[in-house]
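Colleague: What follows is a single structure, and I will ask about it in a moment.
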Amino acid sequence: MGSMTEAAASRQVPPAPDPVPVRLDPATTALFVMDVTDVTCSPQPNCVEMLPRIASLITRARAAGVLVAYTSGGAGGTPLAEVAPAPNEPVVQGRQNKFFGTNLDDIMRTHGIKTNVLAGWRANGSVLFTSHGATLLRYTVVVAVDCTAAAHDFEVAIGLYQVLNLLDGNPKNEPLKPGAVTLSKSDLISFG
């Protein structure tokens, strides 16, 4: 039994590559603020801690004319005041893959969106599954790693590893690989 425990302990999720800078076209980019609600985010210290970075990213995206869209989980909830949607910004309620069973893809296509920036709760939940859904629909995805979290560090590591290693993935984290996920940070994302 000892050798099985030692073998399991020796296996770890490889660290994610460093986030890379990206320059995005505001006309074809959307920022998703995912599940940052009173129901989902408020009880999670790691979620609350990232709110100032998400708020800053939203402010810069809006100033550049980027479409900002909001999602809430299956339980719904009210977006937290620090990151609340403007009156004209869409809010979609859905399970973990926000494209599945919602009109999110229709909203993106109507606005000519080609790139989705994901921020919000949970790296190994909605961020992972929405990344997968988006790449299957041939969107290019950017995950702002400092604007997503999970309850535990290992859940973040697993989520980031999985988003980079999806089918036809981007394990080396090449900036803006078409139809794949790129890991960036809020201060490395520019619009224009």
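Colleague: Comparing A81, A16, A69, which has the greatest mean-square fluctuation in the GNM of the chain with Cα pairs linked when under 10 Å apart?
Modeller: Between A81, A16, A69, it is A81 that shows the largest mean-square fluctuation.
Colleague: Moving to a separate point now. Per-residue ellipticity at 222 nm for the chain, helices alone: DSSP H runs ≥ 4 residues times -39500 (n - 2.57), over residue total, nearest 500 deg cm²/dmol? Write down the numbers at each step before the final one.
Modeller: Working: 6 runs with 58 residues, N = 192.
Mean residue ellipticity, 222 nm, calculated: -9000 deg cm²/dmol.
Colleague: Can you tell me the relative contact order of the range 101-192? Whole percent, Cα pairs under 8 Å, sequence separation 6 or more.
Modeller: 29
Colleague: Pull up all non-local amide H partners of L67: gap of 5 or more, or a different chain, and H-to-H distance under 5 Å with H placed in the peptide plane.
Modeller: T29, L31
Colleague: Charges at C-beta only: +1 for Lys and Arg, -1 for Asp and Glu. How large is the resulting dipole of the range 51-192 about its Cα centre, in Debye rounded to 20? Don't skip to the answer; put the middle values down first.
Modeller: Working: 12 positive and 10 negative charges, 45 e Å.
It works out to roughly 220 debye.
Colleague: A further question follows. List the relative contact order of the chain as a percent without decimals, with contacts defined as Cα pairs under 8 Å and 6+ residues apart.
Modeller: On the way: 408 pairs, mean separation 56.1, N = 192.
About 29 percent, as a whole number.
Colleague: Roughly what % of DSSP beta bridges within the chain run antiparallel, to the nearest 5?
Modeller: Of those bridges, close to 5 percent are antiparallel.
Colleague: Quick one: what does P(r) look like for the range 61-192 with 5 Å bins over all Cα pairs, in whole %?
Modeller: Reading upward from the zero bin: 2, 10, 21, 25, 23, 14, 4, 1.
Colleague: Using the Karplus curve 6.51 cos²θ - 1.76 cosθ + 1.60 with θ = phi - 60°, what ³J(HN,Hα) values do you get for each residue of the range 44-57, in whole Hz, with x for Gly and Pro?
Modeller: 10, x, 5, 6, 4, 5, 8, 4, x, 5, 5, 4, 5, 5
Colleague: Hey, with R₀ at 35 Å, roughly what FRET efficiency would L51 and L137 work out to, going by the Cβ-Cβ distance, to 0.05? Intermediate values should be presented prior to the final figure.
Modeller: Details: r = 29 Å, r/R0 = 0.81.
For R0 = 35 Å, the calculated efficiency reads 0.75.
A short reminder: the numbers here are calculations on the coordinates, not readings from a lab. Everything numeric here is computed off the predicted structure, so don't read it as measured data. Virtual Cβ from ideal backbone geometry, glycine too; neighbours counted across all protein chains shown.
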